[in-house]
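Here is the structure we will look at.
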Amino acid sequence: MARLLLPWGASLALLLAPLAAPAQVDPFRNPVEQRPAGLVLLRQWQTMEGGHAIGVYDAKPDPNDAEARTIVVWVEEPAGVKLAVDTIRCSPAAPMRLTRLGRSLLIRELNPGGTISELNRLDHQVWWAACFPEQAGKDPAQLAPLARRLGYSGKLREQQQVLPGNSR
């Protein structure tokens, strides 16, 4: 089993608490009609099956940790909408995104102010929307100077840890 180091001293149970299982919204309604107020679209694209979009809304501070936030991630697909709640760490020393992929928990350590590529762009977009909502929807590659002014070095190593979920 992988060992998880939590630099800010929080327990894993505390971090997992805000992560909810993905919820389904009514699949028989047009996903565009279901969009909540305050949704910030981060990506939209078309395929042969139909329209896709990823957005975020409802960023909230964590009452137990001043440097943590939760945010709802909206994933729109032709077959309907899926929702997930991600936990974001805004600390300049250890910025990260905790999200789920299936049953696995993904812990993505980020480097605000560093290099942005197609591999990490969405993580940074979600991070900026949660930590600095006024920057939501902006290109994170253009936010590097702001990140450095806010105390982020831009020199952290980005990495990912995957904690497998239970196989029930």
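The values are calculated or read from the model by the stated rules, or taken from the named source; none is laboratory data. Note that the structure is a prediction, hence the values are computed from the model and not measured. Here the Cβ positions follow ideal geometry from the backbone for every residue, glycine too, while neighbour counts run over all protein chains shown.
Below is a table of values for the structure above.
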| item | result |
| --- | --- |
| Number of the condition not met by residue 59 [criteria: (1) at pLDDT below 95; (2) among the small types (Gly, Ala, Ser); (3) crowded, with 19+ Cβ neighbours inside 10 Å] | (1) |
| Any hit, the stretch 109-122, residues being in a helix (DSSP H, G or I) and under 30 Å from residue 34 (Cα atoms) | yes |
| Residue in the stretch 139-166 that is farthest from residue 120 (Cα to Cα), counting only those that are small (Gly, Ala, Ser) and exposed (fewer than 15 other Cβ atoms within 10 Å of the Cβ) | 165 |
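Here's the yes/no breakdown for (1) part of a helix (DSSP H, G or I); (2) among the small types (Gly, Ala, Ser); (3) in contact (Cβ under 8 Å) with a residue 12 or more places away in the chain:
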position	(1), (2), (3)
60	no, no, no
130	yes, yes, yes
143	yes, no, yes
148	yes, no, yes
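Residue-by-condition table, conditions (1) modelled with pLDDT of 90 or more; (2) touching an Asp or Glu at 6+ places or on another chain (Cβ under 6 Å):
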{"site": "14", "(1), (2)": "no, no"}
{"site": "20", "(1), (2)": "no, no"}
{"site": "24", "(1), (2)": "no, no"}
{"site": "30", "(1), (2)": "no, no"}
{"site": "34", "(1), (2)": "no, no"}
{"site": "37", "(1), (2)": "yes, no"}
{"site": "45", "(1), (2)": "yes, no"}
{"site": "52", "(1), (2)": "yes, yes"}
{"site": "55", "(1), (2)": "yes, no"}
